[in-house]
Amino acid sequence: MCGIAGIMMKDGNSPDNKILDSFIKTLSHRGPDGDGKHIAANIGLIQTRLAIIDLKTGDQPLYGKNGVALVSNGEIYNYLEIKQELSKYDFQTKSDCECALALYDMHGVDYAKYLRGMFALAIHDPAAGQLVISRDPFGIKPLYYIENDEYFAFASEAQALIKSGLVNAKIDNRHRSELLQLQFTCRGGTIYQGISRLLPGETITIKGGHIVDRKRIPALPIGSPEKITEQDAMQRLDKALYDSINIHQRSDVPYGLFLSGGIDSSVLLAIMAELNSHPVVTFTAGFNNSTTHDERDHARMLAKSVNAEHHEVEFSEDDFWKILPKVAAIMDDPAADYAILPTWKLAKEASKDLKVVLCGEGGDELLAGYGRYRSVMRPWWLGGRTMRHRGCFDDLNILRDDSKAWRDAILAQEVVSDIDGRNILQIAQATDCADWLSNDLLIKLDRCLMAHGLEGRTPFLDMEVAKASFLLPDNLKINKRLGKWILRKWLDKKMPQAKAFEKKRGFSVPVGQWINNDGNRVGKLLANLESIKEIAHPDKVIYLFNNLGKRQSFAAWSLLFYALWHRANIEGIDPKDGNLFDILEMK
């Protein structure tokens, strides 16, 4: 896992070396093991490296035929198979990423469809005078870009483009509304004016600083639910899971598992324990003195059942006040997800012993684990409703802009997802994969882990697992008011102690409880900030923080997160080790 960035000048001149050095400095946390630079004609590329595979000869940039240069962020899990198939190619390293150069030499800009993994790649082809950048189909690895009258530039994190001076940190109000109401922003736009995301699965070709071609690889198979027996479905899913988890363990450094105690991470634990000759190293977060369900007892029992080397990390109210400013700062592409907090601390602790962890993201989206999927399948007279029909601040009369424009992006994605016979459930799943998954869960995972130089791998988000799961009939996904039905049956058979048929509790953090303990003080501080006055009525903000119910708590959290994010990423206030209250009081 690494950081990459680059720039192509439109005037034909070489890029300013200071810009490339700024990229390296800003992205150094993503790659603490070294950095590299490529400058040729009007192109400059950089990479900061977190060494996982081929520790000796895998430094980048990597070079192929005719001076073609590659910088990459991610892991290509099928690199051994590709190298075997392309045995006549003169490979110079044992790096997993070098296979992308061989595929580009053979297939040109279609190379990415042969890769199985998580990646954001950039290839400079001097003979063709083009820059090609690509992102994996699920969007596990991020990539941002700017296209203007002077240059085309890209980077693994938006903050690298801002801190280099290439673009100012100005807010796009439309995407800010999405963040406040949904907790994430949608599609290819970002909260910053002038900065776009490369879409999941997208490859774009740039010549003379202009985007001249776009191609896209879909993450999910096309078609309506297939007819398949439960037994055949179970066998197919079993094969896909073992294969995916096996190749996700390819590493030259120690790896482990984030174990929540839920269905998805329990599946990973069961298979990892079987595939490895050494004990699986597991990390679990928990919360003391709160009303939130604590998963540590269950996770500890599961870890013990397979003789795992288990670690528990406690997240306290004191952690909340101390860590939140730092976490809000690293979420340069903001996602106001409670889980960023324990994820950040888990990553900090895990990085002391490991460089790689496997995580359960994707299981709910591919196998319909969320309650909202059951709701969308019911008719309205039985309580059914569309997904994300109500925003976080709806009917609270707090925001100055109460329009429903933020819903447009979700509605547009639902239309795009409604293709080739997909049913209601599949459309809902595909909509979540396009935005909620890539622009919330995976951004959270990327930023919180990479802040500590830790690589996160997601075996459920694999094209073969998607093929084995997404087209299953509805009753093998949702049955007896339970999602992930087929996965639960698999887990019940493989690891009965996991209690696979218990109702999904979800992973939650007692943020509302903690905010409520100091709500009056926090509310007054937020109401006095210009960033909050711009979007909300100050008196309503104070009232909100003094009257916290369930919905009000989430709205309060969203305002608090946004204020701290704004302080760091728009106002440029470095949180360092400052207390949350000190950050809010700074002038």
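The values are calculated or read from the model by the stated rules, or taken from the named source; none is laboratory data. Just so it is clear, the model here is predicted, and its values are computed rather than measured. Cβ: placed from backbone, ideal geometry, glycine included. Neighbour counts: every protein chain shown. These accessible areas exclude ligands, DNA and RNA; they are computed on the full protein's heavy atoms, side chains included. Shrake-Rupley method; radii C 1.70, N 1.55, O 1.52, S 1.80 Å.
Run through the DSSP bridge list for region 1-114 and note the antiparallel percent, rounded to the nearest 5. Write down the numbers at each step before the final one.
Details: 15 of 16 bridges.
Of the beta bridges lying entirely in region 1-114, close to 95 percent run antiparallel.
Write down the accessible area per residue of region 523-576 in Å², having rolled a 1.4 Å probe over the full set of protein chains. Walk me through the numbers before you get to the answer.
Details: 2230 Å² over 54 residues.
Ligands and nucleic acids excluded, the figure is 41 Å² per residue.
Please give the net charge around residue 119, taking every other residue with its beta carbon less than 10 angstrom from that of residue 119, where Lys and Arg add +1 and Asp and Glu add -1. Intermediate values should be presented prior to the final figure.
Details: positive: 116, 135, 141; negative: 75, 96, 136.
Neighbourhood net charge equals 0.
Can you give the relative contact order of the chain as a percent, counting alpha carbon pairs under 8 Å and 6+ residues apart? If you can, show how the numbers build up before the last one.
Working: 1149 pairs, mean separation 89.4, N = 587.
Value for the chain: 15 percent.
In Å², what does the accessible area per residue of region 388-483 work out to with a 1.4 Å probe?
Dividing the accessible area of region 388-483 by its residue count gives 33 Å².
To the nearest 0.05, what FRET efficiency results for residue 33 and residue 170 with a Förster distance of 35 Å applied to their C-beta separation? Let's see the in-between values first.
Numbers: r = 34 Å, r/R0 = 0.98.
Computed FRET efficiency for residue 33 and residue 170 comes out at 0.55.
Can you return the lysines within cross-link range of residue 18? Criterion is Cα-Cα under 22 Å, with same-chain partners fewer than 8 residues away left out.
10, 37, 163
Give the shape of the chain as rounded, prolate or oblate, defined through the alpha-carbon gyration tensor: a ≥ b ≥ c are the square roots of its eigenvalues, a/c under 1.5 means rounded, and otherwise the shape is prolate if a/b is larger than b/c and oblate if not. Walk me through the intermediate numbers first.
Numbers: a/c = 1.44, a/b = 1.10, b/c = 1.31.
It comes out rounded by the Cα gyration axes.
Which one of 389, 323, 343 has its Cα pushed farthest toward the positive end of the charge dipole of region 295-432, where Lys and Arg give +1 and Asp and Glu give -1 at the Cβ?
The listed residue farthest towards the positive side: 389.
For every helix of n ≥ 4 consecutive DSSP H residues, a contribution of -39,500 (n - 2.57) applies; sum these over the chain, divide by its total residues, and give [θ] at 222 nm rounded to the nearest 500 deg cm²/dmol. Working shown, then result.
Working: 24 runs with 225 residues, N = 587.
One gets -11000 deg cm²/dmol as the mean residue ellipticity at 222 nm.
Residues with amide H under 5 Å of residue 479's amide H, sequence separation 5 or more or different chain, H placed in the peptide plane at 1.01 Å from N; which?
485
At a 1.4 Å probe, what is the % contribution of carbon and sulfur to the accessible area of the chain? Before the final figure, lay out the partial values.
Numbers: 10830 of 22550 Å².
Heavy-atom surface of the chain belonging to carbon and sulfur, 1.4 Å probe: 48 percent.
Using the Karplus curve 6.51 cos²θ - 1.76 cosθ + 1.60 with θ = phi - 60°, work out ³J(HN,Hα) for each residue of region 69-74 in order, rounded to whole Hz, and write x for Gly and Pro.
Result, ordered by residue: 10, 10, 10, 9, 10, x Hz.
With the alpha-carbon atoms as the only input, what is the per residue convex hull volume for region 200-288 in Å³? If you can, show how the numbers build up before the last one.
Numbers: hull volume 20.0 nm³, N = 89.
In region 200-288, the Cα convex hull volume per residue is 225 Å³.
Which far-off residues, 5 or more places away or on another chain, put their amide H under 5 Å from the one on residue 189, with H placed in the peptide plane?
Hits under the 5 Å cutoff: 197.
If you take every residue apart from residue 271 with its C-beta less than 12 Å away from the C-beta of residue 271, what net charge results, scoring Lys and Arg +1 and Asp and Glu -1? Walk me through the intermediate numbers first.
Working: positive: 239, 494; negative: 238, 243, 264, 274.
Counting the neighbours of residue 271, the net charge comes to -2.
Using +1 at the C-beta of Lys and Arg and -1 at the C-beta of Asp and Glu, which of 482, 526, 459 has the Cα lying farthest in the positive direction of the dipole of region 451-587?
482
In debye, nearest 20: dipole of the chain around its Cα centre with unit charges on the Cβ of K, R (+) and D, E (-)? Mind showing how you got there, number by number?
On the way: 73 positive and 77 negative charges, 255 e Å.
Its charge dipole is roughly 1220 debye.
Name the GluC sites (Glu not before Pro) in region 18-123 that are in a loop by DSSP and that have at most 15 other C-beta atoms within 10 Å, would you?
Details: sites: 75, 81, 85, 98; in loops: none.
Of the GluC sites (Glu not before Pro), not one in the loops of region 18-123 has a Cβ with at most 15 other Cβ atoms within 10 Å.
Apply the Karplus curve 6.51 cos²θ - 1.76 cosθ + 1.60, θ = phi - 60°, to the phi angles in region 424-441 and return the couplings in whole Hz, x for Gly and Pro.
4, 5, 4, 4, 5, 4, 5, 5, 5, 4, 6, 10, 4, 5, 6, 9, 10, 4
Rounded if a/c is under 1.5, else prolate if a/b is larger than b/c, else oblate: which is region 388-505, with a ≥ b ≥ c the root eigenvalues of its Cα gyration tensor? Could the numbers behind the result be given before it?
Values: a/c = 1.70, a/b = 1.37, b/c = 1.24.
Prolate is the answer for region 388-505, as a/c is 1.5 or above and a/b outweighs b/c.
At residue 294 and residue 13, where each label point lies 7 Å from the Cα along Cα→Cβ, what is the point-to-point distance in nanometres?
6.2
Does region 1-86 come out rounded, prolate or oblate, given a ≥ b ≥ c as the square roots of the eigenvalues of its C-alpha gyration tensor, rounded meaning a/c under 1.5 and, failing that, prolate meaning a/b above b/c?
On the way: a/c = 2.71, a/b = 1.40, b/c = 1.93.
Because a/c hits 1.5 or more and a/b fails to exceed b/c, region 1-86 counts as oblate.
Using the heavy atoms of the protein chains alone and a 1.4 angstrom probe, what is the accessible area of region 182-225 per residue in square angstrom?
Working: 1510 Å² over 44 residues.
Counting only protein heavy atoms, the per-residue value for region 182-225 is 34 Å².
List the residues, sorted by chain then number, that are 5 or more residues from residue 358 or on another chain and whose placed amide H is less than 5 Å from its amide H.
256, 257, 258, 457
Would you kindly derive the ³J(HN,Hα) couplings of region 142-151 from the backbone phi angles with the Karplus curve 6.51 cos²θ - 1.76 cosθ + 1.60 (θ = phi - 60°), listing them in order in whole Hz, with x for Gly and Pro?
My calculation for region 142-151 gives x, 7, 10, 8, 10, 10, 9, 6, 10, 6 Hz in order.
Pairs to check: 227/494; 355/587; 141/587; 65/215; 348/540; 141/326. Give those whose C-alpha atoms are more than 28 Å from each other in this structure. Could you put the intermediate results ahead of the total?
Details: 227/494 25 Å; 355/587 39 Å; 141/587 36 Å; 65/215 23 Å; 348/540 37 Å; 141/326 21 Å.
Listed pairs above 28 Å: 355/587; 141/587; 348/540.
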